[in-house]
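Below is one structure, written out as structure tokens; the observations come after it.
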Amino acid sequence: MEIKAIAKYIRISPRKIRLLMREIRGKKVEEALNILTFAPQKGAPILRKLVNSAISNASQRPDTDVDSLFIKHIFADEGPMLKRFRPRAMGRATRIRRRTSHLTIILDEG
């Protein structure tokens, strides 16, 4: 039985969050939470919250054993970009793109 959790419009670049996702993909849920607890990256608390949300979703189903869950799929899609401008020399301006992510995690019993 697959359990899903989604976080949308998260203010972190998909490229940066995918580095952490590779670390926890395929691991047991408690092992993934241990990795994310001690990871120094900005995205670690965000992913830890998402994993806890998926665990909470799983505990709502009476036939699911929470202790045997593992991360089947985890991926980050691009969200909308916030477009800003930074002033530069000689009256010019350059664009800053503040990227957002849509994160999805799918747990399964194993």
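Annotations
- Residue ID - surrounded by the fewest Cβ atoms within 10 Å (Cβ to Cβ), chosen from residues in the range 55-86 that are within 19 Å of P14 (Cα to Cα) and among the β-branched types (V, I, T): I71
- With respect to the conditions (1) in contact with a Gly (Cβ under 8 Å, 6 or more places away or on another chain); (2) loosely packed, with under 13 Cβ neighbours inside 10 Å, G110 lacks only one, and its number is (1).
The rows are residues; the columns are (1) at pLDDT below 95; (2) in a helix (DSSP H, G or I); (3) on the phi < 0 side of the Ramachandran plot.
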| residue | (1), (2), (3) |
| --- | --- |
| Y9 | no, no, no |
| R61 | yes, no, yes |
| T64 | yes, no, yes |
| F70 | yes, no, yes |
| R86 | no, no, yes |
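- Pairs, first within 13 Å of A5 (Cα to Cα) in the range 60-73, second in a loop (DSSP other than H, G, I, E, B) and modelled with pLDDT of 85 or more, C-beta under 9 Å, six or more apart: I71/R25; I71/G26; I71/K27; K72/E2; K72/R25; K72/G26; H73/E2; H73/R25
- For the range 18-45, taking the residues that are of a type in the set (V, I, T) and touching a Lys or Arg at 6+ places or on another chain (Cβ under 9 Å), the one that is nearest to F70 (Cα to Cα) is identified as I35.
- Residue that is nearest to R25 (Cα to Cα), among those in the range 88-110 that are charged (D, E, K, R) and assigned to a loop (DSSP other than H, G, I, E, B): R99
- Flag for A89 being surrounded by 12 or more Cβ atoms within 10 Å (Cβ to Cβ) and farther than 21 Å from M1 by Cα: no
- For the range 16-57, a residue qualifies if it is farther than 26 Å from M1 by Cβ, in a loop (DSSP other than H, G, I, E, B) and touching a helix residue (DSSP H, G or I) at 6+ places or on another chain (Cβ under 8 Å), and the qualifying residues are A39, Q41, K42.
The values are calculated or read from the model by the stated rules, or taken from the named source; none is laboratory data. These figures come from a predicted structure and were not determined experimentally. Using ideal geometry, Cβ is built from the backbone for each residue, glycine included, and neighbour counts are taken over all protein chains shown.
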